[in-house]
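Visitor: Have a look at this one before I ask anything.
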Amino acid sequence: MNIYEKLVNIQGRLKAPKNQYNSFGKYKYRNCEDILEAVKPLLVEHKVVLTISDKVIELDNGLSFVESTAQFKDIEGVIEVSAQAGIDPNRKGMDVAQCFGSSSSYARKYALNGLFLIDDTKDSDSTNKHETKSNAVADDMSWLPDKGSKFDNAKKALNSGKTMQDIRKHYKVSKKVEQLLNT
């Protein structure tokens, strides 16, 4: 197998479950370590090496971000994917090292997502809920607020012919919000 065939094989077989739980937001998610734990046996099987490196980049306006690069390597060559995450050194409840570490973890996760084609559309930091659901409401779906852009978009969708069932494919909808949407 060449390097591209190895990567495609790993992309097709990799299962990185969401083993973490955010009790405040009540959602499951996966972190960088979950992805690495899932991919390691496949890397050994295919005799490839995965490395991840970070560099901090400071812009002229004083903003900084971490750029993480995931490299998939074998004797034939290297395939790499990079992702970035901003750094807020004034983030409440974190010291400077924690802010950099948090941004590094986030960028690394998304570099790995890009390399291994891991779809995070159902993750907490995604605003799109593209999954299709029957009448069952997924635990990881957010509640549709009673005002704001999400509410306005839902109202527009209803006015353009979508049904409440279509809205419920993307959000949990309370009775109060449903009543507001129908007025």
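The values are calculated or read from the model by the stated rules, or taken from the named source; none is laboratory data. In this text the structure is predicted, and so the values were computed from the model without any measurement. Cβ sites come from the backbone with ideal geometry, for glycine too, and all protein chains shown count toward neighbours. Protein only, heavy atoms only, side chains kept; ligands, DNA and RNA dropped before computing areas. Shrake-Rupley method; radii C 1.70, N 1.55, O 1.52, S 1.80 Å.
Visitor: For segment 91-116, give me each residue that is among the hydrophobic types (A, V, I, L, M, F, W, C), open to solvent by less than 30 Å² (accessible area, probe 1.4 Å) and more than 18 Å from LEU7 (Cβ to Cβ). Can you show your working first?
Guide: Step one: of segment 91-116, the residues among the hydrophobic types (A, V, I, L, M, F, W, C) are 94, 96-97, 99-100, 107, 111-112, 115-116.
From the residues that got through so far, the ones that are open to solvent by less than 30 Å² (accessible area, probe 1.4 Å) too are 99, 107, 111-112, 115-116.
Across segment 91-116, the qualifying residues are CYS99, ALA107.
Visitor: Just the residues that are open to solvent by 60 Å² or more (accessible area, probe 1.4 Å) and of a type in the set (Ser, Thr, Tyr), please, taken from segment 8-31.
Guide: First pass over segment 8-31, keeping only residues open to solvent by 60 Å² or more (accessible area, probe 1.4 Å): 8, 13, 15, 17, 19, 21, 23-24, 26, 28-29.
The answer is TYR21, SER23, TYR29.
Residue-wise test of (1) at pLDDT below 80; (2) among the aromatic types (Phe, Trp, Tyr); (3) within 23 Å of the chain's Cα centre (by Cα).
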residue: ILE118; (1), (2), (3): no, no, yes
residue: LYS129; (1), (2), (3): yes, no, yes
residue: SER142; (1), (2), (3): no, no, yes
residue: THR163; (1), (2), (3): no, no, no
residue: LYS175; (1), (2), (3): no, no, no
residue: LEU180; (1), (2), (3): no, no, no
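Visitor: Would it be correct to say that ASP146 is free of Cβ contacts under 8 Å to residues at least 60 places away in the same chain, within 25 Å of the chain's Cα centre (by Cα) and either part of a loop (DSSP other than H, G, I, E, B) or exposed (fewer than 13 other Cβ atoms within 10 Å of the Cβ) (or both)?
Guide: On the way: free of Cβ contacts under 8 Å to residues at least 60 places away in the same chain: yes; within 25 Å of the chain's Cα centre (by Cα): no; either part of a loop (DSSP other than H, G, I, E, B) or exposed (fewer than 13 other Cβ atoms within 10 Å of the Cβ) (or both): yes.
For ASP146, the condition - free of Cβ contacts under 8 Å to residues at least 60 places away in the same chain, within 25 Å of the chain's Cα centre (by Cα) and either part of a loop (DSSP other than H, G, I, E, B) or exposed (fewer than 13 other Cβ atoms within 10 Å of the Cβ) (or both) - is not met.
Visitor: Are there any pairs with C-beta distances below 8 angstrom linking a residue in segment 1-22 that is more than 20 Å from LYS73 (Cα to Cα) to a residue that is open to solvent by less than 70 Å² (accessible area, probe 1.4 Å) and of a type in the set (S, T, N, Q), with the two at least 6 apart or on different chains, and if so which?
Guide: What qualifies is GLN20/ASN31; ASN22/SER124.
Visitor: Pull up segment 42-55, narrow it to residues that are over 20 Å from the mean Cα position of the chain (by Cα) and open to solvent by 60 Å² or more (accessible area, probe 1.4 Å), then point me to the one that is farthest from LEU7 (Cα to Cα).
Guide: LYS55
Visitor: Name the residue, out of ASP34, ASP88, that is surrounded by fewer than 17 Cβ atoms within 10 Å (Cβ to Cβ) and either under 29 Å from MET141 (Cα atoms) or polar (S, T, N, Q) (or both). Outline the logic, then answer.
Guide: Values: ASP34 fails: surrounded by fewer than 17 Cβ atoms within 10 Å (Cβ to Cβ).
The conditions single out ASP88.
Visitor: Being of a type in the set (S, T, N, Q) and under 14 Å from LEU115 (Cα atoms) is the filter here, so list the residues in segment 54-74 that pass it. If you could, list the steps in order and put the result at the bottom.
Guide: Keep residues of segment 54-74 that are of a type in the set (S, T, N, Q), which gives 61, 64, 68-69, 71.
Selection gives SER68, THR69, GLN71.
Visitor: Hey, ASN153 hits all of (1) of a type outside the set (Asp, Glu); (2) surrounded by 10 or more Cβ atoms within 10 Å (Cβ to Cβ); (3) at pLDDT below 80 but one; which does it fall short on?
Guide: (3)
Visitor: Specify which of the listed residues (GLU58, GLU5, GLU67, GLU76) is over 30 Å from TRP143 (Cβ atoms), open to solvent by 90 Å² or more (accessible area, probe 1.4 Å) and either among the aromatic types (Phe, Trp, Tyr) or at pLDDT 95 or above (or both).
Guide: On the way: GLU58 fails: either among the aromatic types (Phe, Trp, Tyr) or at pLDDT 95 or above (or both); GLU67 fails: open to solvent by 90 Å² or more (accessible area, probe 1.4 Å); GLU76 fails: either among the aromatic types (Phe, Trp, Tyr) or at pLDDT 95 or above (or both).
Just one listed residue meets the conditions, GLU5.
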